[in-house]
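*Asks:* Here it is, the structure, as structure tokens.
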Amino acid sequence: MARRHPGFRPLSSPLSPRLLGVLLLAAAALGLVVWLAGWHVGADSAVYRAGGLTLLEGEPLYTSSDLTTLPDWVRLPFTYTPAAAALFVPLVLVPPGLVWGVITASSVVSLIVVLAVVARPSGVWLPAGTALVLVLEPVWKTLFLGQINLILMALVVVDVLVLSGRGAGAGRWARARSTADSARAGGSGAPAGPAGPVESGGSAGESVRGRRWAGVLVGVAAAVKLTPLIFVPHLFFTGRWKDGLRALATFVVLEGVMFAVIPGDAGRFWTKSVTDPSRVGSVHWIFNQSLNGLVDRASDRASWSMAVAVGAAVVLAVPAVWLVVRWHRRGEQAAALLVTAFYALLVSPVSWSHHWVWSVPLIGLLMVKGRRWWALLVAALFASQIVMLVPNGGDTEFTWGPGWSVLGNAYVLAAVVALLALAARELRLRARTAEPGVQPKVAG
């Protein structure tokens with residue numbers, strides 16, 4: 001019988017698929033209610049559809065005025081890439097009021113996929129976990145706005161942890177370590193790697209078929225929003241050069257085609273719009289939970305704030321890359337991926353609070369590793385709605401004292417502290433494992 005990929009676990013309880021079906025039906029039903037009632041929900045989903053429709057009608061995507069294809073209750077610019085507009089074209093087939101429901105249902109499916117791959121819960125824990133994470137501020141806000149953060153996260157998770165294979169890149173290191181351990185143990189041949197037996201990722205045929213597409217989903221995600229480009233160097237640093245090149249090629253091809261389709265818009269985007277901060281909103285707004293946002297708020301929009309943020313990003317790149325490589329070699333693929341994801345949130349010029357949906361797989365992974373108190377702490381942070389409660393708007397952020405500044409930058413500060421603390425922990429662990437006979441512990 002064909003082996004299942006270790007990223008998935010069958011639903012052992014007959015109740016699980018029924019509960020998952022209820023979740024999906026509830027999302028679809030809510031979308032229908034919103035459409036039939038004419039409620040104004042999902043401004044960003046309206047922008048996606050308008051982008052695809054604007055492309056079809058031959059109108060400019062990147063202008064100082066709003067898209068003429070937007071509904072009258074939305075006043076937002078199209079800030080996505082030219083390739084994103086092409087990828088949004090299928091949404092034109094959906095009635096304007098129903099687009100939010102389609103994206104919401106797709107986002108719930110994406111949540112299920114991410115939890116299934118990272119946490120691999122059994123029984124009713126998958127539908128229960130999916131329902132519980134809906135209270136996290138990044139998750140419910142993504143759904144409310146009709147954003148595609150959860151969908152893009154699922155693309156990256158499936159690509160890096162499933163298609164690329166959990167043992168990919170780490171296999172040679174693990175086999176070498178196993179051989180050395182076997183020799184010390186008297187040639188028993190049992191792999192004694194720190195993370196237990198190395199996961200093979202299924203049969204050889206399944207692995208080869210999956211690897212042919214590895215990197216493509218990352219390239220597609222990056223072609224929609226540029227931030228997922230950071231997962232290309234993640235693939236390089238973890239030894240998956242072919243997958244990284246495939247991701248980069250997918251991105252370049254998708255964006256390159258648009259120069260032939262809409263050369264004027266493509267040129268305007270890559271020479272002007274991509275670096276125009278006014279198109280994405282106020283950088284100093286509390287909901288920009290990035291290093292750039294933190295420094296911009298603290299410096300009262302000083303001209304040097306971006307340079308300081310870039311400098312901090314360069315410094316933090318050292319422990320981040322070191323952790324990614326170290327954990328990948330130890331077989332901790334999900335942990336390594338999450339380091340890259342949270343580093344991306346820190347260094348992106350704009351990381352809106354709803355971009356922090358990577359808190360979902362983090363909580364799932366902590367639960368799997370038995371770090372339940374840490375999982376609860378992370379869940380409490382993102383379920384606290386803290387960024388919704390701190391005074392904000394206009395120039396309010398510039399009047400914060402020390403207390404409000406800590407709370408108003410909670411996501412950024414928590415990620416920086418966690419990154420540095422984990423790096424320090426790994427340094428201590430490396431010092432201990434340098435002693436003969438000491439095996440390293442699994443990350444978590």
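The values are calculated or read from the model by the stated rules, or taken from the named source; none is laboratory data. Because the structure is a prediction, the values reported are computed rather than measured. Here the Cβ positions follow ideal geometry from the backbone for every residue, glycine too, while neighbour counts run over all protein chains shown.
*Asks:* Looking only at residues that are closer than 27 Å to Pro319 by Cβ and surrounded by fewer than 11 Cβ atoms within 10 Å (Cβ to Cβ) in segment 401-431, which one is farthest from the chain's Cα centre (by Cα)?
*Replies:* Ala431
*Asks:* I need every pair where a residue in segment 393-422 that is closer than 12 Å to Ala298 by Cβ has its Cβ under 8 Å from the Cβ of a residue that is assigned to a helix (DSSP H, G or I) and among the acidic types (Asp, Glu), sequence separation at least 6 or different chains.
*Replies:* Gly408/Glu397
*Asks:* Would you confirm whether or not segment 42-54 contains a residue that is surrounded by fewer than 21 Cβ atoms within 10 Å (Cβ to Cβ), at pLDDT below 90 and not polar (S, T, N, Q)?
*Replies:* No: segment 42-54 contains no residue that is surrounded by fewer than 21 Cβ atoms within 10 Å (Cβ to Cβ), at pLDDT below 90 and not polar (S, T, N, Q).
*Asks:* Have a look at Ala84, Ala131, Ala105 and point out the one that is over 12 Å from Ile148 (Cα atoms) and either modelled with pLDDT under 95 or outside any loop (DSSP other than H, G, I, E, B) (or both).
*Replies:* Ala131
*Asks:* Here's something else I'd like to know. Take the conditions over 25 Å from Pro319 (Cβ atoms) and out of contact with any strand residue (DSSP E or B) (no Cβ under 6 Å at 6 or more places or on another chain) and apply them to Phe342. Does it pass? Quick ask: steps written out before the conclusion?
*Replies:* Details: over 25 Å from Pro319 (Cβ atoms): no; out of contact with any strand residue (DSSP E or B) (no Cβ under 6 Å at 6 or more places or on another chain): yes.
Judged against the criteria, Phe342 is not a match.
*Asks:* Now a separate question. Looking only at segment 203-228, count every residue that is over 16 Å from Ala154 (Cβ atoms), modelled with pLDDT of 60 or more and part of a loop (DSSP other than H, G, I, E, B) and tell me the total.
*Replies:* Number of matching residues: 2.
*Asks:* While we're here: Given the structure, is Trp140 at pLDDT 95 or above, of a type in the set (Phe, Trp, Tyr), over 26 Å from Phe251 (Cα atoms) and out of contact with any Asp or Glu (no Cβ under 7 Å at 6 or more places or on another chain)?
*Replies:* Yes: the conditions hold for Trp140.
*Asks:* Search segment 354-400 for residues being assigned to a helix (DSSP H, G or I) and among the polar types (S, T, N, Q), and hand back the single one that is surrounded by the most Cβ atoms within 10 Å (Cβ to Cβ).
*Replies:* Only one residue fits best here, namely Ser359.
Every residue, every condition in (1) farther than 30 Å from Glu332 by Cα; (2) surrounded by fewer than 22 Cβ atoms within 10 Å (Cβ to Cβ), yes or no:
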| position | (1), (2) |
| --- | --- |
| Trp73 | yes, yes |
| Thr81 | yes, no |
| Leu91 | yes, yes |
| Leu98 | yes, yes |
| Val139 | no, no |
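*Asks:* Determine which single condition His5 fails, assuming it passes every other condition in (1) crowded, with 20+ Cβ neighbours inside 10 Å; (2) at pLDDT below 90; (3) more than 22 Å from the chain's Cα centre (by Cα).
*Replies:* His5 satisfies all of (1) crowded, with 20+ Cβ neighbours inside 10 Å; (2) at pLDDT below 90; (3) more than 22 Å from the chain's Cα centre (by Cα) except (3).
*Asks:* Continuing with the same structure: Being more than 9 Å from Ala223 (Cα to Cα) and under 24 Å from the mean Cα position of the chain (by Cα) is the filter; apply it to segment 243-261 and report the residue that is surrounded by the fewest Cβ atoms within 10 Å (Cβ to Cβ).
*Replies:* Among those that are more than 9 Å from Ala223 (Cα to Cα) and under 24 Å from the mean Cα position of the chain (by Cα), it is Val253.
*Asks:* Picking from Leu254, Leu346, which residue would you name as being among the hydrophobic types (A, V, I, L, M, F, W, C), farther than 24 Å from Ala421 by Cα and modelled with pLDDT of 95 or more? It would help to see each step written out before you state the result.
*Replies:* Working: Leu346 fails: farther than 24 Å from Ala421 by Cα.
The conditions single out Leu254.
*Asks:* Can you pull out the residues in segment 108-128 that are of a type in the set (A, V, I, L, M) and either modelled with pLDDT under 90 or farther than 19 Å from Ala221 by Cβ (or both)?
*Replies:* Step one: filter segment 108-128 for residues of a type in the set (A, V, I, L, M), giving 108-109, 111-119, 124, 126, 128.
Once the filter is applied, which keeps residues that are of a type in the set (A, V, I, L, M) and either modelled with pLDDT under 90 or farther than 19 Å from Ala221 by Cβ (or both), segment 108-128 yields Ala119, Val124, Leu126, Ala128.
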